[in-house]
1. So residue 290 passes all but one of these: (1) modelled with pLDDT of 95 or more; (2) part of a helix (DSSP H, G or I). Which condition number does it fail?
2. Just one of 127, 160 is outside the structural domain of residue 206 (by TED's automatic domain parsing), farther than 18 Å from residue 305 by Cα and without any contact (Cβ under 8 Å) to a residue 40 or more places away in the chain; which is it?
3. Within the range 77-84, does at least one residue satisfy the condition of being crowded, with 17+ Cβ neighbours inside 10 Å, in contact with a helix residue (DSSP H, G or I) (Cβ under 6 Å, 6 or more places away or on another chain) and farther than 17 Å from residue 103 by Cα?
4. Residue check: is residue 32 buried (at least 24 other Cβ atoms within 10 Å of the Cβ), under 18 Å from residue 107 (Cα atoms) and either touching a residue at least 60 places away in the same chain (Cβ under 8 Å) or in the same structural domain as residue 107 (by TED's automatic domain parsing) (or both)?
5. Between a residue in the range 209-220 that is assigned by TED's automatic domain parsing to the domain that holds residue 270 and any residue that is buried (at least 23 other Cβ atoms within 10 Å of the Cβ), which pairs come within a Cβ distance under 6 Å, given they are 6 or more apart or on different chains?
6. Restricting attention to the range 211-233, and to residues there that are in contact with a strand residue (DSSP E or B) (Cβ under 6 Å, 6 or more places away or on another chain) and under 22 Å from residue 189 (Cβ atoms), which single residue is modelled with the highest pLDDT?
7. Has the range 248-266 got at least one residue that is out of contact with any strand residue (DSSP E or B) (no Cβ under 8 Å at 6 or more places or on another chain) and part of a helix (DSSP H, G or I)?
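The values are calculated or read from the model by the stated rules, or taken from the named source; none is laboratory data. The structure presented is a predicted model; accordingly, all values stated were derived computationally and were not measured. Cβ: placed from backbone, ideal geometry, glycine included. Neighbour counts: every protein chain shown.
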């Protein structure tokens, strides 16, 4: 491969984090959150990567970092060697919490690599590659497209991403426990088979979830968050998690569940109520985990990944 020409100036990428699954939307539904991951690239004699902020907690080797995985994949797809560069990755939340750090990193790496060699690939092509690398569609879709989407495979490797309307006053509180949960471990506890009755019950609730999020109807939201597949077995791995969910509902949340595979917890609320609930949750989290837990407020990130420079 001939090396691509060096760009004249550094590049910056901002990618939203995301919450996925959201009850009955298992491996299908995602919402981009205004909890961004920021990546900067500048020419250098060799490629390096530095993590800052909460993402510095990551135990992944640098070679397995999702940003570099995306960059390597872009090189393979375009058939071009990537210019050397210094990469800094800074996140607003720690990894392993079910907030789409991996999907956001892959999106950033693919976008960066594509830009470095002249942008020969479309966003659709890059998103398809990110889904292939992730193994499931939701987090990568949120990071690339922003907003909320329900994703379904039309044919092998071909996806439909259907935009989901959310009420303009929908807000989120994300409770960050002091411990991560690996995706591998979270998937190991899922049931290997599901009865017909449980599958039918699950299917009945998905439309209720979507309508509840559109109208802020708490009864519909809570029914739609009642998942038969992934929430209960994963909650058993998370010390204190059920306490947080129960506390949130007692104090007026529209609903509460896992964020992605966990360990973070997603509390749904609305404008006008979020400050009071956030204050109460922060006190509860402090009693539960001391200074090691935290609560982040978030809203829908309407824009997906942005690259500039």
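1. In the conditions (1) modelled with pLDDT of 95 or more; (2) part of a helix (DSSP H, G or I), residue 290 misses (1) alone.
2. On the way: 127 fails: farther than 18 Å from residue 305 by Cα.
Exactly one of 127, 160 is outside the structural domain of residue 206 (by TED's automatic domain parsing), farther than 18 Å from residue 305 by Cα and without any contact (Cβ under 8 Å) to a residue 40 or more places away in the chain, namely 160.
3. Within the range 77-84, the first condition is being crowded, with 17+ Cβ neighbours inside 10 Å, and the residues that meet it are 77-78, 80, 82-83.
With in contact with a helix residue (DSSP H, G or I) (Cβ under 6 Å, 6 or more places away or on another chain) added as a condition, the list becomes 82-83.
If we keep only those that are farther than 17 Å from residue 103 by Cα too, we end up with 82-83.
Within the range 77-84, one or more residues are crowded, with 17+ Cβ neighbours inside 10 Å, in contact with a helix residue (DSSP H, G or I) (Cβ under 6 Å, 6 or more places away or on another chain) and farther than 17 Å from residue 103 by Cα.
4. Details: buried (at least 24 other Cβ atoms within 10 Å of the Cβ): yes; under 18 Å from residue 107 (Cα atoms): yes; either touching a residue at least 60 places away in the same chain (Cβ under 8 Å) or in the same structural domain as residue 107 (by TED's automatic domain parsing) (or both): yes.
Yes.
5. 209/23; 209/24; 209/224; 212/221; 212/224; 218/254; 220/212
6. Across the range 211-233, the extreme among qualifying residues is 225.
7. The answer is yes, given that some residue of the range 248-266 is out of contact with any strand residue (DSSP E or B) (no Cβ under 8 Å at 6 or more places or on another chain) and part of a helix (DSSP H, G or I).
Yes or no, residue by residue, for (1) under 22 Å from residue 11 (Cα atoms); (2) surrounded by fewer than 24 Cβ atoms within 10 Å (Cβ to Cβ):
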site	(1), (2)
88	yes, yes
97	no, no
101	yes, no
105	yes, no
109	yes, no
119	yes, yes
123	yes, yes
132	no, yes
140	yes, no
